[in-house]
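What follows draws every value from the coordinates through simple rules; no lab data is involved. All values reported here derive from a predicted model rather than from experimental measurement.
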Amino acid sequence: MRLKILVLVAVVAAAGCSASASPTTTVAATTVPIEFGAGEVPATVPADFPMPDGAVVGTTLVDRVNGATEMVVTVPGSVPDTAAFYESRLAAAGFEVAESSGTKAEWRVRFSRDDVSGEIFLTAEGSRLSAVVVRLDHAG
């Protein structure tokens, strides 16, 4: 009887040790559906997307649910000059500029390439400063 108890204790101890010696935890990888940021161009923006010299990225939003990216950028330059920059640089990067129109105070540029389409909204923040909102929609 004493031998049976010792064997039982040894088996229980061995099972307990082996179970706690190498615990296994599975963590599912998750993607944040909506991510807010600031100060950096989001990774969802194409690497060759044009950014004017001196541009300062403010707030950003990556909406993985709807396939959208937005960023607010402050650019040293008038609205017409900044719009002209985007028109020429987007075309040079292979984007098709579908529309570009506005005034000295505000402007809108619509563009697309492959599975990305977007709009850029520019508003004057003084005579030589523009607030730019870039919105990208990713197909798929």
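Overview of results
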{"read-out": "Calculated on alpha-carbon atoms, Rg and Dmax of region 34-138 in Å", "value": "12.8, 38"}
{"read-out": "At 1.002 mPa s and 20 °C, Stokes D of region 44-96 from Kirkwood alpha-carbon radius, µm² per second", "value": "174"}
{"read-out": "Cα principal axis extents for region 93-140, largest first, Å", "value": "39, 16, 15"}
